[in-house]
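Asks: Next up is a structure, given as structure tokens.
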Amino acid sequence: MMKVGTVRTRRFGIAAGLMAALAMGSAMAPLAAAQKPIAVTPPAGAPMSFADLIERVSPAVVSVQVTTEVKVADRNSAFNPFRGLPGFDEYEDQFGEDKKEEGAPEKDQEGNALGSGFFISPQGYIVTNNHVVENAREVTVTLKNGDQLEAEIVGTDEQTDLAVLKVKKSGSYPFVEFATRAKPRVGDWVVAVGNPFGLGGTATAGIVSADGRELLGGNYNDFIQIDAPINRGNSGGPTFNLNGEVIGVNTAIFSDTGGGSVGIGFAIEANAVKTIADTLIKNGKVVRGWLGVEIQSMSQRYADAWSLKSPNGAIVRTVTAGGPAEASGIKRGDIIIAVNGEDVKDNRQLTQRVGSLLAGSTNNFKVIRDGKEQMIKVTVRARDDKALASNELDPARADMKPPTPSDADVKVLGGTVRSLTEAEAKKFDVGAAGTGLIVVTVETRGAFSKADIFPGDVILEVNNKVVKTPKEYEDVIAAAKSAGKKDVIARVGCGNQERCFDLTVLRPIEIAPAE
């Protein structure tokens, strides 16, 4: 059994990769050639049985068997309950079974994986998960009637965990289509068909229990949450509505042990799957549009501080030098609220919008700048990793030490600050001396502490105004207080790479209660 990964949230986890490596059963039933997508007329209200639906769609669902080939893992990466005990390493050096002879060539290791998939065209194109066929040397699909056919990988997309296969044997195969006309609603009936634990042709039923879910590492996907039980081996299989249309591709389960289903599964939404599948069939790969910005989501506190009506949008934190955004005129501090007429709710939705754009295409970005909306045309490009590498921050900044207190320090609400020296400005790459305030000390439970601002951080702007001296900082705070604001927005350059040039909500203002 191959396990792709587990993401922990408190005591629970998202267990991605629902594959199994058990013997398959087979249901013997003849396949009928199909030239039209399967369609089902659903009964009114709750169905008495799903049998007719399952009978119609199951011929389009296949089991996917994969022979993998990967480099032999370093022995230290394998689990051993005795590792770490005194003398273990010495014992392994002398007697370990995986001890490699000096000068011996590195060998590949063969493995097996199992998942699910489904035909999306009569020509034999099949959708499944990328993690099902990752490192595949050979791919075989088993049809409902037990026939085993060789398949080739047409293309994969790691970012969405999707892949398209095509059976090598020509013919006309039964296929299903995606439910792209309307998204399923919470409470709608769904049926999952697949190959859990190698038990091919298995169907389970439930409802859509939530939508718009976000999983770690799934920036380009919206996940539908279902309670139809899915398990290892269901990866890549379809979940159907009562019309026999695919509403999603089963990809992950929620589990407190990383094991079997507890009734919460996640499927990639049909519209996203169809877009990726069509692109893979046409081009063999997905080249996403690249904007060249770092972004973060808005919030009500940001909106209030900037006197904006809506908290929707994505704030541009930094603009990559030489990138499409810089060339088009997008600036740091802009709030992107729409792309090509489609509203942007947060940074994740902007990532999805930009990722769906074709490299080289020109698109309309609506932004808010200085409180006013304006439209900017941007020609997105393919991501240039070499260009990005040249813009990476100097790792030496991660080793910066907190500044030493001096007579130049000024007490403000939350701690002490002073103007940047020339040496500090150079280290932070924020311009010349006096272009910001370095935070020297932070009061426990004070305004800086609550905003996660630490000694060594540099306050560059407050409410989009450059602050070069403690007095300028205090003037901006006073103006915000006079305007009845509870919060201000600080642009912070920081003493470590992870937080550099962040925007944070700062509350250094005490508003007197109304009498």
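The values are calculated or read from the model by the stated rules, or taken from the named source; none is laboratory data. Remember, it's a predicted structure, so these values are computed and weren't measured experimentally. All Cβ positions, glycine included, derive from the backbone under ideal geometry; neighbour counts span all protein chains shown.
Asks: Can you tell me which residue is nearest to K274 (Cα to Cα) among those in segment 117-127 that are in contact (Cβ under 8 Å) with a residue 60 or more places away in the chain, part of a strand (DSSP E or B) and out of contact with any Leu (no Cβ under 6 Å at 6 or more places or on another chain)?
Replies: V127
Asks: Sort out which residues of segment 190-209 are within 27 Å of the chain's Cα centre (by Cα) and of a type in the set (S, T, N, Q), and write them in order of number.
Replies: Matches in segment 190-209: N195, S209.
Asks: Moving to a separate point now. Go through (1) part of a loop (DSSP other than H, G, I, E, B); (2) modelled with pLDDT of 90 or more and name the single condition I337 misses.
Replies: (1)
Asks: Looking at (1) touching a helix residue (DSSP H, G or I) at 6+ places or on another chain (Cβ under 9 Å); (2) over 17 Å from S361 (Cα atoms); (3) modelled with pLDDT of 85 or more, which is the one condition that is false for Q296?
Replies: Here Q296 meets the rest and fails (3).
Asks: Right, next: Give the residue, chosen from N129, N145, that is at negative phi, within 25 Å of the chain's Cα centre (by Cα) and not small (G, A, S).
Replies: Exactly one of N129, N145 is at negative phi, within 25 Å of the chain's Cα centre (by Cα) and not small (G, A, S), namely N129.
Asks: Considering segment 222-240 alone, what residues qualify as being part of a strand (DSSP E or B) and closer than 15 Å to G187 by Cα?
Replies: I224, Q225, I226, T239, F240
Asks: Same structure, new question: Name the residue that is farthest from A192 (Cα to Cα), counting only residues in segment 232-247 that are surrounded by fewer than 24 Cβ atoms within 10 Å (Cβ to Cβ) and out of contact with any Asp or Glu (no Cβ under 7 Å at 6 or more places or on another chain).
Replies: Selected residue: N243.
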